[in-house]
Amino acid sequence: MPPMLIQVGSHEALLDDAVRLAAKAASDDVSVILDVIAGAFHVSQAFGGMLDEAKEALERVATFLAARAK
């Protein structure tokens with residue numbers, strides 16, 4: 001599996017699933033980052049132009065991708 005960045009909000013309905021996915025990936029020696037965004041909800045990144053937390057999450061995605069595109 002390729003390196004993974006899993007972003008999930010602390011108020012996300014799928015939070016437990018994201019945590020389990022990250023744990024399984026790590027146990028299978030997959031490079032994984034679990035990014036739990038405090039106070040965020042499902043698909044909060046879609047509000048990048050309105051919420052500081054979403055904008056910062058998208059910046060972390062860009063950094064993650066840029067580091068692996070070299």
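Just a few scattered comments:
- Residues of the range 11-23 include at least one that is surrounded by 14 or more Cβ atoms within 10 Å (Cβ to Cβ), outside any helix (DSSP H, G or I) and either in contact with a Gly (Cβ under 8 Å, 6 or more places away or on another chain) or touching a residue at least 24 places away in the same chain (Cβ under 8 Å) (or both).
- Boolean, Asp28 is more than 20 Å from Leu58 (Cα to Cα), surrounded by 11 or more Cβ atoms within 10 Å (Cβ to Cβ) and out of contact with any Ser or Thr (no Cβ under 8 Å at 6 or more places or on another chain): no
- Looking across the range 39-65, the residues that are open to solvent by 90 Å² or more (accessible area, probe 1.4 Å) and in a loop (DSSP other than H, G, I, E, B) come down to His42, Met50.
The values are calculated or read from the model by the stated rules, or taken from the named source; none is laboratory data. Here the structure is a predicted model, which means the values were calculated and not measured. Every residue, glycine as well, gets a Cβ built from its backbone with ideal geometry; the counts of neighbours run over all protein chains shown. Note: accessible area is taken over every heavy atom of the protein model, side chains too, but ligands, DNA and RNA are not part of it. Shrake-Rupley method; radii C 1.70, N 1.55, O 1.52, S 1.80 Å.
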